Amino acid sequence: MEANLKMFVNVIEVLVFILTFFAGYFIRKFFSERHLRETEERAGKLLEESKKELENRKKELELESKDLKFRLRSDFEKETKDRRQELSNLEKRLAQKEENIDRKVDILDKKEKEISRREGLLVDKEKSIESRQGELSRLLIEEKQKLQRISGLSVEEAKKLFLQRVEDDAQREAQILFREIQDRAKVSADDKAKEILAISMQKCAAEHVTNTTVSVVPLPNDEMKGRIIGREGRNIRALEIATGVDVIIDDTPEAVILSCFDTVKREIARISLERLLRDGRIHPGRIEEVVGKVKQEMANNIKEEGEHTIFELGLQRVHPEIVKLIGRLKYRTSYGQNALQHMKEVALLMAAMAGELSLDVTLAKRIGLLHDIGKAVTHEVEG
């Protein structure tokens with residue numbers, strides 16, 4: 001009986017071991033499959049997120065590519081337009097020079113003909129004078145003989161009377177000759193003045209531009225207008241305060257208008273706005289930073305332009321403040337012409353005239369360059 005009980009217990013233990021083994025196996029399998037499903041789900045989510053991120057990045061790259069293409073196209077069109085304008089201006093200058101050369105040739109031809117005509121007149125005059133001198137000598141001899149025969153005057157008395165009449169005739173001839181010489185001198189002086197002006201003007205060619213008080217900044221799209229205005233108009237106010245320029249945003253498609261009589265301020269505003277548009281960060285702090293940098297660059301450019309002009313004309317010992325004022329004139333126009341270009345041309349014209357008249361060429365250049373310097377002075381310049 002005891003042996004049977006012991007065997008039964010052993011059988012029970014074996015059955016419990018077998019049940020425990022299978023229960024552990026199935027439990028482990030269940031948790032393994034569950035962990036595998038969770039892993040697969042997480043992998044699927046990561047894959048889906050990666051696809052979405054890749055798609056978003058693709059769209060961003062496409063937008064960047066379109067923006068880059070637009071900027072490149074705009075730069076190319078602007079460069080092409082500037083190059084065409086430059087070629088057009090060059091053609092105009094060449095045409096002007098050809099016209100000046102033709103006019104100068106005509107003047108020289110007329111002058112040559114006039115000289116030939118005057119030479120002929122002088123030859124005729126000399127012959128006439130010689131003929132009149134011979135006639136006068138003959139008449140004087142006859143007059144002398146006649147006086148001696150009729151009046152019975154002595155030789156001394158006749159000589160005095162003769163000399164008096166000769167003196168009167170000589171004075172009349174001298175007055176006539178003086179008037180002729182004076183008239184010829186006036187004509188010659190007029191011709192010489194015209195020749196000097198023609199030669200001087202030949203060395204200069206004026207370029208004309210259109211006076212304007214506004215600049216137009218192109219936009220990639222009309223949505224940028226909202227970013228320029230900013231929340232409650234903060235951005236546009238910051239830009240106007242920093243530059244001193246009126247920023248006009250109206251119905252003009254894909255464009256912003258900058259209005260100001262000061263061309264230097266308007267140029268600073270234009271460059272600053274273009275940089276802000278390219279950068280994409282438009283807020284008051286960034287606006288002040290960009291405008292500050294552009295102002296410094298503009299000051300350096302103005303100084304360099306003034307120094308280049310002084311060097312180009314070969315002048316020395318010019319006050320630094322005057323050099324800056326000269327550089328500012330690059331951004332000024334007067335009567336349809338760039339003010340700095342006009343001053344250069346006047347300087348060269350006066351130098352050419354001084355050279356023809358044997359005067360101080362350097363002083364003439366300085367006078368011509370500085371004759372219009374007051375147009376660079378604004379209410380912001382003291383003195």
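The values are calculated or read from the model by the stated rules, or taken from the named source; none is laboratory data. If you're wondering where the values come from, they're calculated on a predicted model, not measured in any experiment. Neighbour counts are summed over all protein chains in view; Cβ atoms, including those assigned to glycine, are modelled from backbone coordinates with ideal geometry.
A few remarks follow.
- Within segment 306-338, the set of residues being buried (at least 19 other Cβ atoms within 10 Å of the Cβ) and either at pLDDT 85 or above or of a type in the set (F, W, Y) (or both) comprises Y331 only.
- Elements of the type helices (runs of 4 or more DSSP H) sitting completely within segment 292-383 and holding at least 2 residues that are small (G, A, S) and either on the phi > 0 side of the Ramachandran plot or more than 15 Å from the chain's Cα centre (by Cα) (or both): these cover 339-356, 361-370.
- Subset of segment 254-272 (residues that are out of contact with any Leu (no Cβ under 7 Å at 6 or more places or on another chain) and not acidic (D, E)): I257, L258, S259, C260, F261, T263, V264, K265, I268, I271, S272
- No other residue among L5, L15 is more than 30 Å from G280 (Cβ to Cβ), surrounded by fewer than 10 Cβ atoms within 10 Å (Cβ to Cβ) and at pLDDT below 80 apart from L5.
- Residues of segment 233-273 that are of a type in the set (D, E) and closer than 23 Å to G327 by Cα: D262, E267.
- Any hit, segment 287-301, residues being farther than 29 Å from A376 by Cβ and without any contact (Cβ under 8 Å) to a residue 12 or more places away in the chain: no
- Contacts under 8 angstrom Cβ, first residue in segment 65-88 being outside the structural domain of G280 (by TED's automatic domain parsing), partner charged (D, E, K, R) and in a helix (DSSP H, G or I), 6 or more apart: R71/R278
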